[in-house]
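S.K.: Here it is: the structure, laid out below.
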Amino acid sequence: MKYVYKIVSALCAIAILPVMFFSSLIYYYFSSTALESLYALGEYMGSQTIADSYEKYGLDSAPTGISDSLSLYEVYDLLRIFSGGEASPEVLENVKNLLPPLLATVAAFILIIICAIVTVILVFACKDNRKVIASSFAGVGISLLFVMLFDNLVSPFVNGTLSISEVFGNSWFDLLAEVEEISISPEFYLIPALFGFIALWTVLYNATLPEKEKVERKKMIG
């Protein structure tokens, strides 16, 4: 049973890493009057391309915007597209204002990775499984903190006080779309769920230990 516990716990902790990088963790929705008008014009002119797109994407009416979920790996390419223009003093000032919440969000992201790695190490290295529980709860807490920090980072774009064009210096974006929502997608919550499962799994494993071993562990912990 001891080896089953260690293997299951370690696999759950390791699984957090690919989830963080390659799962679609960030959801966005951009409303687009230009896209809606394009579809309306295409319908009026009897465009076969527009008709085919309704069938291809399962649309009943003209789309009012663009929505998708992106992994953090895909976000990098998206930011590269937006940041193609030359940075003006105003753009640099906007980026500077975003640095504190951005750095805090990145720090939380790195701490989640550290918690996952530390949890794997503790599963195999420590006889005191309470450290695994502590590391797992820390992972849950930091994951939820990451959500709060991310919401704080993107709130200026969502509430309209700052546009993507102002940050990246590409005025064409505001002509095509307007940010309606940027948020953490449901897939992200698999991360705190995995941390929580490891903690629960550890508690249940400890509850099944023989009484003699429980006493020995208490003596070891002091």
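S.K.: Can you tell me which residue is modelled with the lowest pLDDT among those in the stretch 175-189 that are surrounded by fewer than 16 Cβ atoms within 10 Å (Cβ to Cβ) and not hydroxyl-bearing (Ser, Thr, Tyr)?
M.R.: This residue is Leu175.
S.K.: For the stretch 126-133, indicate whether the set of residues that are in contact (Cβ under 8 Å) with a residue 60 or more places away in the chain, over 12 Å from the mean Cα position of the chain (by Cα), within 29 Å of Ile182 (Cβ to Cβ) and open to solvent by 80 Å² or more (accessible area, probe 1.4 Å) is non-empty.
M.R.: No, there is no match, as no residue in the stretch 126-133 is in contact (Cβ under 8 Å) with a residue 60 or more places away in the chain, over 12 Å from the mean Cα position of the chain (by Cα), within 29 Å of Ile182 (Cβ to Cβ) and open to solvent by 80 Å² or more (accessible area, probe 1.4 Å).
S.K.: Still on this structure: Can Leu38 be described as surrounded by fewer than 17 Cβ atoms within 10 Å (Cβ to Cβ) and at pLDDT 90 or above? Write out each step before concluding.
M.R.: Details: surrounded by fewer than 17 Cβ atoms within 10 Å (Cβ to Cβ): yes; at pLDDT 90 or above: no.
It is false that Leu38 is surrounded by fewer than 17 Cβ atoms within 10 Å (Cβ to Cβ) and at pLDDT 90 or above.
The values are calculated or read from the model by the stated rules, or taken from the named source; none is laboratory data. Bear in mind that the values here come from a model prediction, so they are computed numbers and not experimental data. Cβ sites come from the backbone with ideal geometry, for glycine too, and all protein chains shown count toward neighbours. Accessible surface is based on the protein model in full, side chains and every heavy atom, while ligands, DNA and RNA are left aside. Shrake-Rupley method; radii C 1.70, N 1.55, O 1.52, S 1.80 Å.
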